Amino acid sequence: MDFGKYLKQLRGNMTLREAADRSGLSHTYISFLEKGERPGTKKPIQASPEVLKKLAMAYNHPYEDLLQRAGYLDEQLMMDYEGKIYSEPVMASFVREPVSKYSYSNVIELSTLLFSKNNIAYEGRILSDNEKRKILNIVEVLLDDEEP
């Protein structure tokens, strides 16, 4: 499925104007993105990462997924909780304790879990990227006294 059709599918039953209100983008620009080109010129249109972030928030959809589908993020790259993009080896170096010291293989870094392709919910409500960042900030403060 091409990216424009995917965006339209994500919008679902929401009107273009509702999507515009939620995202802060114009309804005509969202329409251009869904069609994949600018009318008149027929030139392809590419959403910037900033635009994708606004759409992700408006559609309550993982930002990382939109970045990947738009071609900005390779599947072997990961995004931290601040939106910075790293390769897996660099991201692994941020872990305080080596994962290899654990005897089980299902260790998941909290930031990886929160910003994965899956939607994370609390009490039935999908968390926004901003709320996920707040969670990581709180955890960092709580664990700051701990020795690595």
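The values are calculated or read from the model by the stated rules, or taken from the named source; none is laboratory data. Quick caveat: nothing in here was measured; it's all calculated off a predicted structure. Reconstructed Cβ throughout: ideal geometry from the backbone, glycine too, with neighbour counts over all protein chains shown.
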Candidates Thr15, Thr41, Thr112 - the one that is modelled with pLDDT of 95 or more and either assigned by TED's automatic domain parsing to the domain that holds Leu127 or out of contact with any Leu (no Cβ under 8 Å at 6 or more places or on another chain) (or both): Thr15
Leu66 closer than 20 Å to Lys8 by Cα and modelled with pLDDT of 90 or more: no
Condition met for Glu131 (at pLDDT 80 or above, over 23 Å from Phe3 (Cα atoms) and not assigned by TED's automatic domain parsing to the domain that holds Phe3): yes
Verdict on Ala47 being buried (at least 19 other Cβ atoms within 10 Å of the Cβ) and not in a helix (DSSP H, G or I): yes
So Glu34, is it surrounded by 17 or more Cβ atoms within 10 Å (Cβ to Cβ), modelled with pLDDT of 95 or more, assigned to a helix (DSSP H, G or I) and not aliphatic (A, V, I, L, M): yes
Where a residue in region 123-134 is assigned to a loop (DSSP other than H, G, I, E, B) and its partner, wherever it lies, is of a type in the set (Val, Ile, Thr), with Cβ under 7 Å and at least six apart: Leu127/Ile120
Residues (hydroxyl-bearing (Ser, Thr, Tyr) and within 22 Å of Asp129 (Cα to Cα)) located in region 27-50: Ser48
